[in-house]
1. What number results when the radius of gyration of segment 271-345, computed over Cα atoms, is divided by 2.2 N^0.38 Å?
2. What list of ³J(HN,Hα) values in whole Hz, one per residue of segment 186-199 in order, does the Karplus curve 6.51 cos²θ - 1.76 cosθ + 1.60 (θ = phi - 60°) give from phi, with Gly and Pro shown as x?
3. What is the extension gain from LYS162 to ASP89, computed as 0.36 nm multiplied by their sequence separation minus the C-alpha to C-alpha distance, in nm to one decimal?
4. Please list, or write none, the aspartates and glutamates whose alpha carbon is within less than 12 Å of the alpha carbon of LYS162, excluding same-chain residues fewer than 8 places away.
5. Within segment 101-157, report the trypsin sites (Lys or Arg not before Pro) that DSSP leaves as loop and that have at most 15 other Cβ atoms within 10 Å.
6. For segment 12-128, give the percent of accessible area contributed by carbon and sulfur heavy atoms, probe 1.4 Å, rounded to a whole number.
7. What are the aspartates and glutamates whose alpha-carbon lies under 18 Å from the alpha-carbon of LYS133, with same-chain residues fewer than 8 places away excluded?
8. Can you give me the three principal axis dimensions of the chain from its C-alpha atoms, in Å, biggest first?
Amino acid sequence: METIKPIKISSTKSNTSEKLTSAEMGKLWATYLGNSMSKCILSYYLQHVEDEDIKTLLENALKLSVEFMKTTEDIFKKENFPIPKGFSDEDVNLGAPRLFEDEYYVHYLKYAAKAGMSIYNVAVPLVHRKDVKEFFIYCMDSTMALIEQINDILMNKGLIIKPPIIPVPDKVEFVHQDFLNGFFGHVRPLHALEIAHLYDNIENNVTSKALIMAFSQVVKSEKIRKLFIVGKEMTHKHIEQYMEKLHNENLPSPSFLDHLVTTSTFSPFSDKLMLFHKIDMFSMKIRAFGNSAAVNGRHDMGVLYAKSLLKISSFVEDAAKILIENGWMEQPPYAVNRDKIASEK
């Protein structure tokens, strides 16, 4: 297969001497915070793993997180950009008892890899500085390689079912007016893209539900525990709604992972880390709903995603308020407030 024809551009500018753009700053900042959290979580998982294949998978993921943090830190140092605090050894207790079974780690890694990809693949078209662009391309390629390993283990160990199989079309067809129906009149079957995103949302949510259930068992703050329980119940309801859409078409769906959480009530993580993590996971759901709505055609599916989006946005806001109250939310880089500067003269 031929690659695209190269374009030769002559330039005297040194790309790496350019200032970081807002897109580059923002994506590097998010990459550092996310991977500092992952480093804590994966380090704990490695204290309680018996399956050698899953252990290797965790080691590979941890190595990437450390590498991504180091590269981001190096770029920040060159720019005299303050290194984010993120998460550290203070936020993890490696001596805490086992909270998850080995199988859960594989599902978790798939979710975490998707979250990472959502940062990297958006960053690549937006960044221009050569070193930053090459870094994000490397992040994307490395994470894709990790996802391949994750999927191989999930399938080879029988830990997951593939997305549903549907018939190959007999011919090319064009839709009619009832294509958009969802509540009234003739309602068509789900099409392939709608099925794919329902499957993806269920896969994400069963992982998220098991994690927030585990966090609600071990979190120290009663206020955060109550919020986690609300999030768990909301996620369970969403899973059932998405599953129902597939089951109504006689299609299979991923199953719950709740049984992979132990009964431990001893926390391996700080309340700050757990609350930040759930904001991050629920924010990823918001992005996933946007992708789902973009390819959806049925009115009932559109309403379902819209309602889910509102409830999850409310949860993220409530969680963010608690982070702010406790002085745990780091401020991302922001633009200059010109009005404030002018008023101070």
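The values are calculated or read from the model by the stated rules, or taken from the named source; none is laboratory data. The shown structure was predicted, so the numbers you read here are calculated from the model rather than taken from an experiment. Virtual Cβ from ideal backbone geometry, glycine too; neighbours counted across all protein chains shown. All accessible areas refer to the heavy atoms of the entire protein, side chains included, with ligands and DNA or RNA removed. Shrake-Rupley method; radii C 1.70, N 1.55, O 1.52, S 1.80 Å.
1. Numbers: Rg = 17.3 Å, N = 75, 2.2 N^0.38 = 11.3 Å.
Dividing the Cα Rg of segment 271-345 by 2.2 N^0.38 Å gives 1.53.
2. Rounded to whole hertz, the list is 6, 9, 5, x, 4, 8, 4, 5, 5, 5, 4, 6, 4, 4.
3. Details: separation 73, 0.36 × 73 = 26.28 nm, distance 3.73 nm.
Here the answer is 22.5 nm.
4. Leaving aside aspartates and glutamates fewer than 8 places away in the same chain, those within reach of LYS162 are ASP152, ASP200, GLU203.
5. Numbers: sites: LYS110, LYS114, ARG129, LYS130, LYS133, LYS157; in loops: ARG129, LYS157.
For trypsin sites (Lys or Arg not before Pro) across segment 101-157 that sit outside H, G, I, E and B with at most 15 neighbouring Cβ atoms in 10 Å, the list reads LYS157.
6. Carbon and sulfur: 52 percent of the exposed surface of segment 12-128.
7. In chain and number order, the partners are GLU18, GLU24, GLU67, GLU73, ASP74, GLU79, ASP141.
8. 64, 57, 51
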